[in-house]
1. If packing is taken as the mean number of other Cβ atoms within 10 Å per residue, what is the order of 581-588, 379-386, highest first?
2. With the crude spin-label approximation of a point 7 Å out along Cα→Cβ, what separation in nm comes out for Asp363 versus Asn516?
3. For Asn203, what is the net charge nearby, where nearby means another residue's Cβ is under 12 Å from its Cβ and Lys, Arg count +1, Asp, Glu -1?
4. If the cut-off is a Cα-Cα distance under 27 Å, which lysines reach Lys297, setting aside same-chain residues fewer than 8 apart in sequence?
5. Okay, which of the stretch 274-289 sit inside 12 Å, backbone N to the point 7 Å along the Cα-Cβ direction of Asp312?
6. How much mean residue ellipticity at 222 nm does the chain get from its helices, if each DSSP H run of length 4 or more adds -39500 (n - 2.57) and you divide by all residues, to the nearest 500 deg cm²/dmol?
7. Determine the gain in length on full extension of the stretch Arg632-Arg546; use 0.36 nm per residue of separation and subtract their C-alpha separation, reporting nm with one decimal.
8. Using label points projected 7 Å from each Cα along Cα→Cβ, tell me how many nm separate Asp28 and Asn108, to one decimal.
Amino acid sequence: MPLSLFMTTTEQRVMDRVNQFIDDNLADPELSIDVICQAIGISRSNLYRLIRDQSQLSTTLYIRQRRLEKARQLLGTTDLRVVEISERVGIANPQNFTKYFTEAFGVNPTEFRRRLSTEPIEALSAEPAEPVVYGPDESTADISEPEAHKQATNRWPGRRLLQLRVGWLVAAVLLLISAVWGSWYWLARRDAEHAIAVLPFRNMGPAGNAYFGDGMVEQIHSALTLIESLKVISRTSTEGYAQSRQPSPKIGKELGVDYLLDGQVRQQGNRVKIFVELIRADENRTIWSQTYEGETKEAVSFTRAIVRQVADQLGERLSTVTRQRIDQAPTHNPQAFTEFLKGQYLMRNRTKEGLDASLVNFDRALALDTTFSDAFAYKGLAYMLMGSEGYRNPDSCSRLAETNVLSAVRLDPQNALAYATLAQLYQERNKWEQAGTFYQIALRYRPNEAIINYWYSLWLRSVGQMDRAIEYSTKAVNLDPLFPVILIGHIGNLSYAGRFADAKKAIDEGQPLHGNLYSWYWAVGYYYIIRQQPELALRAFEQGLRLNPSSTHIQGRIAYIKALLGQPEMARGLLNSMPDVPSNYPDRAILYAGLGDRERCLQYLEKGVETGWLPNYVKVSPHFVSYRNEPRFQAVLRKAGLATSAVQ
């Protein structure tokens, strides 16, 4: 008995909307769980639950089944070729379509269509026929099934009535069992909302040991993100609650979660004591707590135990693979782990001093354990940040970063941070296809890591896949709702895609939180540039410049807009004072675009692609809208690896 019989009216309406949305978008091969959740306004875990209870299928298989049902209908009602039907139902690979269809209906599409003209429709139905029950002395070996059924029924007219009564009795028993089980199930599920934030643990030991508690939180958070059905808020959004006195219901509402994991850590000498509690936020009620105490070398096993307990309390069933990943220790050397935690802690603010010091700690960790994959991955990330922030030579840092993250991957082929860092490095080198592949691998192993979803959304923007860019930046915002960088990028994606109402709503909601950041006005300024409202864009950039008077990038955009408005003096002055070196080619191209000097704009785009210095998002940039059909501009995109055929 399907549990959908016990759905509430609201749940059934939601399920009807889900089915309608799937059916309306069957032709889209990119139709995904996240797209459905965003369109319907439902969490992944609730969508999974509704579909599982209605069909006993996973969400992915449920979507596939509806594709195949539509294909079966088209085979019987149209003259479309099999390959055309495959495309219409969103299964782009015809071989996969044939395989899935045969698995579902026991016959391949071509044979199914052939049989339609020679056999009754019922014979081809996926629904099983009603079983026929015969008496012990009835032989039907020499007659057809319909005739045998008729003879058996005629021999004992009461048999059919008895079958019906038995059938109803069995159905009633199953109904009762399902009702009892279903009631228990729903009551149990109501307490498992599958959204959690790990708050900063309070350091109860010496001030110099704060890194240890911070590292414990990072390890717990990282392990929880391995649970795909669990929404785990990113640490950049939770860091603001360190030592917070706000009540749990308020924190839960601000972060959009139902559960908070809070704790205290005391690490001194070779001893550690960790207290954790899982709080139901809206009720401000502790539903589980535990104290772990032992030697510092046991800290890794303590964090794994905490994650397993939290998963159990939330009703999350861990697969064997997920459990193995959670239980996998980053290193078996306690001293190496301590050095690694110090390095992580020093990276947080991305200052030159912090990054330099973190590299020292990562090297110490690797000297103690040469197989420490995470230490290699974070060392690679530190080098990448050193280059991107301009603290060291970018080319040298890029090579060092690549060397270290490749070492991380060799030691742990599922190290998501290493793959994501590789993707960033290859993107900087205009190796777009390789970058996209590595982002996808990273997300396969860490689908709920906010920053990887965000980085991937920017890659998608760069190659012009705006709908998917929004899909991933939306997920990143949901996972890290208070991190301004991610919201700024999301607003950019919405603006570039022309979804101005959604972008304006995000701007209005984010303004009270982030209106004191100069980078916020960069996003607002571009929103108005794309909307072709230069006066409002100018106002936004000028506000950003007031907050950060030294920003040469904002000065450049102000000059660009003034040039558009017929005030070219600032743009010309900047061009005259700006050294003609590769790092300035992007800004020079944009300024010449503002001045309407197409020849020089194209010259600097061509010089930029030769030297690896192009404006960000050049393919979709509002600065070059009128250039997009020009052969020279298309040649720049091809040389940069951004031609349409190269990035699909």
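Values quoted throughout were computed directly from the atomic coordinates according to the rules given, and no laboratory measurement underlies them. Computed from a predicted structure; not experimentally measured. Ideal geometry is used to build each Cβ from the backbone, glycine not excepted, and the neighbour counts take in all protein chains shown.
1. Packing order, densest peptide first, comes out as 379-386, 581-588.
2. 3.8
3. +2
4. Candidates past the 8-residue exclusion: Lys273, Lys342, Lys379.
5. Flagged as within label range: 289.
6. -20000 deg cm²/dmol
7. Length difference between fully extended and current span is 27.2 nm.
8. In this crude label model, Asp28 to Asn108 measures out at 3.2 nm.
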